[in-house]
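Have a look at the structure below before the remarks.
The values are calculated or read from the model by the stated rules, or taken from the named source; none is laboratory data. Computed from a predicted structure; not experimentally measured. All Cβ positions, even for glycine, are placed from backbone atoms using ideal geometry, and neighbour counts span all protein chains on display. Protein only, heavy atoms only, side chains kept; ligands, DNA and RNA dropped before computing areas. Shrake-Rupley method; radii C 1.70, N 1.55, O 1.52, S 1.80 Å.
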Amino acid sequence: MKVSSGRGRKVCLLIAGIVMAIILLIVILAMTVFKAKHPINTVDSLKLQDLKVSLDIARLRVDLNVTLDVDVSVKNPNKVGFKYANSSAQLNYRGQQVGEVPIPAGEISADETKGFNLTLTIMADRLISNSQVYSDVISGSLPLSTFLRMSGKVSILGFIKVHVVSSTTCDFAVNLSNRTVGKQECQYKTKL
């Protein structure tokens, strides 16, 4: 009996050692190779698709219609997919939201860059209450900004889920006389 219990103990220790080595390997891989990295939102281009401005001097009123084509790319640098929830891109005038386009939920595969072609249109009724529109149109420059926020999860090894939020803000000015988009300044933020 002593011979078989010593053999059973060796087999048990060997199995325990193998299980511990596998667990250690999984932990090392999860902390290095599969470590969650933030997705990178980039505004690739911003083009003025349509611009209509009419000035009613008697009523001190501006009728304005601006449509922008915004090309955005989102790079997933992770070794696993990034699933994001319904999101939206916003168009703002002096801090006030004046346009929005939805971005449906989806997934970006590992090491993939996904492009989004978005069309943002100013909702003119939201500008009526802002007294600065008139002076901006007279000056020939309309300051606008875009805001894109994407939140989602990165699943590592199927059981470790990391919540990720990535946002991009780009400030620019629309030159009303030659109908072009002026200098753009973008800021990028990510939270894991």
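Annotations
- Flagged links, alpha-carbon separation over 18 Å, of Lys75/Lys189; Lys114/Lys191; Lys161/Lys189; Lys114/Lys183; Lys114/Lys153; Lys79/Lys189: Lys114/Lys191; Lys161/Lys189; Lys114/Lys183; Lys79/Lys189
- Of Tyr84, Ser109, Gly6, farthest towards positive along the dipole that unit charges on Lys, Arg, Asp, Glu beta carbons give the chain: Gly6
- The chain: relative contact order in percent, alpha carbon pairs under 8 Å with at least 6 residues between: 21 percent
- GNM remark for the chain: springs join alpha carbons under 10 Å apart, and the peak mean-square fluctuation among Ser87, Ser139, Ser109 falls on Ser139.
- Taking 0.36 nm per residue of separation and subtracting the Cα-Cα distance, full extension of the segment from Ala110 to Ile40 would add 23.9 nm.
- The chain - mean residue ellipticity at 222 nm from DSSP helices (-39,500 (n - 2.57) per run, n ≥ 4, rounded to 500): -7000 deg cm²/dmol
- Cα-based equivalent ellipsoid, region 89-169: semi-axes from gyration tensor eigenvalues, Å: 36, 12, 10
- If you wrap the tightest convex hull around every Cα atom of region 46-127 and split its volume per residue, you get 95 Å³.
- For region 48-192, alpha-carbon Rg over 2.2 N^0.38 Å: 1.25
- Figure note: Cys186, Cys170 ranked by solvent-accessible area, largest first, 1.4 Å probe, ligands and nucleic acids not counted: Cys186, Cys170.
- Anchor Lys52: aspartates and glutamates whose Cα lies under 17 Å away (excluding residues fewer than 8 positions away in-chain): Asp63, Asp69, Asp125, Asp136
- Rolling a 1.4 Å probe over the protein chains gives Ser129 an accessible area of about 100 Å².
- Cα-based radius of gyration of region 145-192 once divided by 2.2 N^0.38 Å, which approximates compact folds: 1.75
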